[in-house]
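Working notes, beginning with the structure itself.
The values are calculated or read from the model by the stated rules, or taken from the named source; none is laboratory data. The model shown is predicted, which means the values in this text are computed figures rather than measured ones. Cβ placement follows ideal geometry from the backbone for every residue including glycine, while neighbour counts extend to all protein chains displayed.
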Amino acid sequence: MCMKTHAQGGSGLWLSELTYFTLSVALFLWTRVLHQSVFYLGFFVDLRLTVGYSWASTALTHMYEQLGDCSYANTKKLAGYATLLQGWIYEHFPSIGMRRMQALYSEDQPRCRLYDAGKGTSIVVVRPQLNTLTPTSIRFCPYNEHREERPFEWISLFCGYLRLGNWTQLHMSERVLRQYEYTQIIPCNPSVLGHGHPDTNEMNRRWLHFNDYVIHDYAIAPYPDTCVEEYMSWFRSVSHHM
Amino acid sequence: MSGLGGLLHTSFESLDRGLLCAFVERWHAEINNFHLPVGEMTITLDDLSNLLHLSIVGHFYTQKTLDSDLANDLLVESLRVDHGLASEETRHC
């Protein structure tokens, strides 16, 4: 059953808010909504709280969760809001994939609206393009012209657990420092970054006191792709793909 | 009012399956990033703020516990789902 098709008719503030909210959230919960709609109703019970949520961490936890599920050998489908992943690829990898640029885009709109999907690309074409990526073909930090609209926030450097209901996922900004215009260092082990596996209250507390979980003394990168000398040899030693 | 209004206009008309799958193959779930020849990259909170205009600051979303009675009421009263269909749907809640 699909909630979207039933969210019509009726009157009153409650229903109109619920309908609007359902349509919005269903976009990034979409595939699961189709199959587990009743489960997701729990997210819509008290709409007065919605304005105070960190929707970025909600959406990111969901995306990480779905990408993780895809890592299993027998998984055939990616659930979740694929526009996010596709938009992310368009922003950071201008040489990969076909996209159309929207002529009428202005910076007060979300950056995803700058693009629309072009002709599909075959995976056998993309794989070698990924294998031969060079640092200069990547836009590590593509949002400079968008900062007036979305100023940089220190909390985006948070290292630790994000949470969506009972799902928890590690946000490890330290591993992708070039995306923050810092020099990439050899990162800590994930178990150190997560500081063990805290309970829900402790996760909430760390998030609200994010300043204690953001490292402030990284070195500004002189070039977008700068990393410490040992980084690439470390990376090749730990990566399964290299 | 929810802070999600921008999402109504961001979805691409079509998804590039080959492009998405090629990146998904590079995903490492234990560290939540893509392994590429240049090192690690991932989708960050800052990406969410810029790509979708979602707020980073705020509380983590906490799901209300949903029993079958409440689920049934929500389906029937708020979403105008037929009573019989709703009961069938919430039977396993």
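Go through (1) surrounded by fewer than 22 Cβ atoms within 10 Å (Cβ to Cβ); (2) touching a residue at least 12 places away in the same chain (Cβ under 8 Å); (3) polar (S, T, N, Q) for B:T90 and report which single condition fails.
For B:T90, the exception is condition (1).
Considering each of A:P224, A:P198 in turn, give the residue that is in a loop (DSSP other than H, G, I, E, B), more than 9 Å from chain B (Cβ to nearest Cβ) and touching a residue at least 60 places away in the same chain (Cβ under 8 Å).
A:P224
Examine the stretch A:67-81 for a residue that is surrounded by fewer than 21 Cβ atoms within 10 Å (Cβ to Cβ), at the interface with another protein chain (Cβ under 8 Å from one of its Cβ atoms), closer than 30 Å to B:H83 by Cβ and at pLDDT below 95, and state whether such a residue exists.
no
Restricting to the stretch A:111-123, what's the tally of residues that are over 20 Å from the mean Cα position of the chain (by Cα) and facing chain B (nearest Cβ under 8 Å)?
The qualifying residues number 5.
Looking at A:R111, A:R127, A:R99, can you tell me which residue is at pLDDT below 95, of a type outside the set (G, A, S) and in contact with a helix residue (DSSP H, G or I) (Cβ under 6 Å, 6 or more places away or on another chain)?
A:R99
So B:L75 fits all but one of (1) modelled with pLDDT of 85 or more; (2) surrounded by 22 or more Cβ atoms within 10 Å (Cβ to Cβ); what number is the exception?
Looking at each condition in turn, B:L75 falls short on (1).
Which of the numbered conditions does B:G58 fail, given that it passes all the others? Conditions: (1) more than 27 Å from A:H171 (Cβ to Cβ); (2) among the small types (G, A, S); (3) crowded, with 19+ Cβ neighbours inside 10 Å.
(1)
Would you check if there is a residue in the stretch A:100-110 being buried (at least 21 other Cβ atoms within 10 Å of the Cβ) and more than 7 Å from chain B (Cβ to nearest Cβ)?
No; the residues of the stretch A:100-110 include none that is buried (at least 21 other Cβ atoms within 10 Å of the Cβ) and more than 7 Å from chain B (Cβ to nearest Cβ).
What number of residues in the stretch A:181-195 are more than 7 Å from every other protein chain (Cβ to nearest Cβ) and either surrounded by 13 or more Cβ atoms within 10 Å (Cβ to Cβ) or in contact with an Asp or Glu (Cβ under 8 Å, 6 or more places away or on another chain) (or both)?
10
Within the stretch A:45-64, how many residues are crowded, with 21+ Cβ neighbours inside 10 Å and either facing chain B (nearest Cβ under 7 Å) or closer than 11 Å to B:L54 by Cα (or both)?
Residues flagged as crowded, with 21+ Cβ neighbours inside 10 Å and either facing chain B (nearest Cβ under 7 Å) or closer than 11 Å to B:L54 by Cα (or both) within the stretch A:45-64 amount to 10.
Identify, by number, the condition in (1) modelled with pLDDT under 90; (2) over 23 Å from the mean Cα position of the chain (by Cα) that A:S237 doesn't meet.
Answer for A:S237: the failing condition is (1).
Quick one: how many residues across the stretch A:82-99 are within 8 Å of chain B (Cβ to nearest Cβ), on the phi < 0 side of the Ramachandran plot and among the small types (G, A, S)?
Of the residues in that region, 2 qualify.
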